[in-house]
Amino acid sequence: MPTDADAKRTIIEIANDLFAAGHLTPTGGNLSARAADDDKIWITPSQLYKGSLTAETLLCIREDGTCCEGEGKPSVEYQMHWKSYQARPDATAAVHTHSPAATAFGITNQKFPPINTDAIFLADTQIVPWFMPGSTELADAVSEALKSSRGAILQCHGLMAVGKTMRDAATRAMMIEETAKLFLYCKQFGGELAVIPPEWVERLGSFASFL
C-alpha cells in the first residue's frame, strides 16, 4: 500500500501532466488517491488553480467529506471519488477530467467504432447522463458505470477514470480523450470508416481487461 507521501506526490505529478495536456481546466477537474488508512483518501481542493497545485494544498478526507488533514475545502466531487473506489475496490486512484473531445463525444451520444486498437480496448466505456456536479445522484450513476468499465464519460461535464495506480487512471483518461479526437478527425475528413475486421476485434478485445 502506498504511503501518504507517495499518494500526494503522484497526485501532483499526474495533475501537472493532465493540466499541461489540456485535460484539466484552471479550476475544473480533480484527482484523488487512497490514503494509508483505508477510511481516508487524498484529494485536490475545490476552486484552486490546477496549474499550481502542491502537496501542501491537498486534503485528506473521510467518506463524509470531513477533512482530517490540510486546509480549505475538498473538491465538490468528493462523493464521486468515494463511490468510484467502492465500485472498483482494486483501484487506488481516480481522475476526473474536463477533456474537451471526450466531453463532446458524450454530449453527442457517440460510441467507439473499432478504428484502432485503443478504440477496441475502450469499447466498454460507459456514458453517464447529466446530473448536477457534486450531487449524490451523479456519484451513484458514475459508480454504477464504473462497475462495467474503468472509464466513464459524463455528459455535458467530463470523464472519470480509475486505476490500480494513478498513472493507470490517467492513462485511461488520456486514451479516451485521444481516441475521441481521432474519431472526430475521421468525421471531419468524411468518407467511409475503415475499421478493424470483426475477427480481430474479438481477439484484441480479449486483452482489454489486462489494460
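The values are calculated or read from the model by the stated rules, or taken from the named source; none is laboratory data. Fair warning: this is a prediction, and the values are worked out from it, not measured in the lab. No Cβ is skipped: glycine too gets one built from the backbone with ideal geometry, and neighbour counts run over all protein chains shown. Please note that ligands, DNA and RNA were not included when accessible areas were found on the heavy atoms of the full protein model with its side chains. Shrake-Rupley method; radii C 1.70, N 1.55, O 1.52, S 1.80 Å.
For Leu24, the conditions (1) hydrophobic (A, V, I, L, M, F, W, C); (2) open to solvent by 60 Å² or more (accessible area, probe 1.4 Å); (3) in a loop (DSSP other than H, G, I, E, B) all hold with the exception of (2).
Looking only at the stretch 34-90, count how many residues are assigned to a loop (DSSP other than H, G, I, E, B), among the aliphatic types (A, V, I, L, M) and open to solvent by less than 70 Å² (accessible area, probe 1.4 Å). Talk me through it step by step, then tell me what you get.
At the first step, the residues of the stretch 34-90 found to be assigned to a loop (DSSP other than H, G, I, E, B) are 35-40, 44, 46-49, 53-54, 58, 62-66, 70-73, 75-77, 88-90.
Narrowing the set further to residues that are among the aliphatic types (A, V, I, L, M) leaves 35-36, 48, 53, 58, 76.
Among the residues that remain, those that are also open to solvent by less than 70 Å² (accessible area, probe 1.4 Å) are: 35-36, 48, 53, 58.
Counting residues in the stretch 34-90 that are assigned to a loop (DSSP other than H, G, I, E, B), among the aliphatic types (A, V, I, L, M) and open to solvent by less than 70 Å² (accessible area, probe 1.4 Å) gives 5.
From the list Leu31, Leu58, the one residue that fits, being in contact with a His (Cβ under 9 Å, 6 or more places away or on another chain), at pLDDT 95 or above and within 10 Å of Ile12 (Cα to Cα), is Leu31.
Given the condition charged (D, E, K, R), touching a residue at least 40 places away in the same chain (Cβ under 8 Å) and more than 16 Å from Ala170 (Cβ to Cβ), answer yes or no: does some residue in the stretch 87-95 qualify? Yes, the stretch 87-95 contains at least one residue that is charged (D, E, K, R), touching a residue at least 40 places away in the same chain (Cβ under 8 Å) and more than 16 Å from Ala170 (Cβ to Cβ).
For Thr125, the conditions (1) surrounded by fewer than 16 Cβ atoms within 10 Å (Cβ to Cβ); (2) farther than 25 Å from Pro2 by Cα; (3) β-branched (Val, Ile, Thr) all hold with the exception of (1). The sole residue among Thr171, Thr179 that is of a type outside the set (Asp, Glu), under 14 Å from the mean Cα position of the chain (by Cα), in a helix (DSSP H, G or I) and at pLDDT 95 or above is Thr171.
Within the stretch 92-153, which helices (runs of 4 or more DSSP H) (wholly inside it) include 1 or more residues that are touching a Lys or Arg at 6+ places or on another chain (Cβ under 8 Å) and hydroxyl-bearing (Ser, Thr, Tyr)?
On the way: elements: 100-107, 117-121, 136-146.
Output list reads 136-146.
Residue-wise test of (1) surrounded by fewer than 16 Cβ atoms within 10 Å (Cβ to Cβ); (2) among the aliphatic types (A, V, I, L, M); (3) in contact (Cβ under 8 Å) with a residue 12 or more places away in the chain.
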position	(1), (2), (3)
Glu137	yes, no, no
Lys164	yes, no, yes
Ile196	no, yes, yes
Arg203	yes, no, no
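For Ile120, the conditions (1) over 30 Å from Trp200 (Cα atoms); (2) hydrophobic (A, V, I, L, M, F, W, C); (3) touching a Pro at 6+ places or on another chain (Cβ under 6 Å) are fulfilled apart from (1).
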